[in-house]
Amino acid sequence: MNVDINSKDKAIELLEDKELDINIIKEIYYNFKSDLDVTAKIAMNLSIRTSIYNRDKERSNIMKELLIELSESSDMGTRWAVGKNPHTPVKILEKLANDEINLVRALVATNPNTPSSILNRFFSDEKIVRDGLSGNPSTPIKILNILADDVDKMTKLRVAENPSTSKETLEKLLKDSNLDVKKASETKLKENYEKC
């Protein structure tokens with residue numbers, strides 16, 4: 001595919017397509033490396049085209065190369081998109097785990113590839129970062145159990161929906177005063193523990 005990507009407007013337009021060939025994204029990156037608007041769009045494109053439910057989708061050396069490059073951006077939105085991407089290398093997640101912006105750390109907390117040592121450390125971080133742990137299937141069970149007692153309904157709901165939450169924690173959440181938390185716990189208990 002031969003596309004003229006020397007115009008910023010054309011590059012941004014192309015980046016709206018989550019199916020855009022990764023080689024074209026790479027070319028756009030190297031043509032506009034110093035343009036924060038374009039690099040932010042690239043980070044978002046890479047984020048949107050991947051899925052935590054299908055971690056191998058879009059896995060490539062080019063993806064990894066771009067994520068490493070983008071992690072150095074001064075733009076917070078670019079860094080948080082890198083932090084949540086399931087293809088971001090662990091060494092980059094370790095670096096972003098120390099980002100001064102809490103939202104970047106919060107999205108690293110949601111990434112299933114974030115090492116457990118960092119997830120444990122995040123439990124002592126700001127609330128927005130701790131909340132990111134509640135939906136991460138790699139969050140240690142002991143932390144999920146503690147988060148199940150959080151006052152925030154959404155945190156408890158994410159714990160109830162987390163595939164790694166223990167049977168005991170789900171049973172505890174069945175007694176929660178919030179109907180949505182109860183229903184989510186009941187559903188997850190049936191999915192995980194009532195095999196036919």
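Each reported figure results from applying straightforward, stated rules to the coordinates on display, with no laboratory input. All values reported here derive from a predicted model rather than from experimental measurement. Glycine gets a Cβ as well: all are built from the backbone with ideal geometry, and neighbour counts include every protein chain shown.
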Report summary line: Each label sits 7 Å from Cα toward the beta-carbon; between Glu16 and Ser124 the label points are separated, in nm, by 4.7
Report task. Towards the positive end of the charge dipole of the chain, with charges on Cβ (+1 Lys, Arg; -1 Asp, Glu), say which of Met154, Ala40, Thr187 has the farthest Cα. Result -> Thr187
Query raised in the report: Leaving out same-chain residues fewer than 8 places away, which aspartates and glutamates sit with a Cα under 14 Å from that of Lys91?
Result: Glu65, Glu69, Glu72, Asp99
Query - Rel. contact order, % - alpha carbon contacts under 8 angstrom, at least six apart, the chain - result: 11
Query - FRET E, pair Tyr30, Ser117, Förster distance 45 Å, beta-carbon r, rounded to 0.05 - result: 0.85
Requested in this report: With a point put 7 Å past each Cα toward its Cβ, work out how far Lys183 is from Ser74 in nm, to one decimal.
Outcome: 4.8
Requested in this report: Determine how many Å³ per residue the convex hull of the Cα atoms of the chain encloses.
Outcome: 129
Report task. With 29 Å as the limit, write out which pairs from Lys95/Lys127; Lys10/Lys84; Lys95/Lys182; Lys127/Lys167 have Cα-Cα distances beyond it, or answer none. Result -> Lys95/Lys182
Report summary line: Each label sits 7 Å from Cα toward the beta-carbon; between Lys8 and Asp152 the label points are separated, in nm, by 3.6
Query - Total charge dipole magnitude, region 41-196, about the Cα centre, Cβ charges on Lys, Arg, Asp, Glu only, Debye to nearest 20 - result: 340
Report task. Give the cross-link partners of Lys172 among the aspartates and glutamates, using a straight C-alpha distance below 12 Å as the criterion and excluding same-chain residues fewer than 8 apart. Result -> Asp149, Glu186
**Report entry** Protection-proxy order for peptides 38-49, 151-162, each taking the mean of Cβ atoms within 10 Å per residue, highest first
**Finding:** 38-49, 151-162
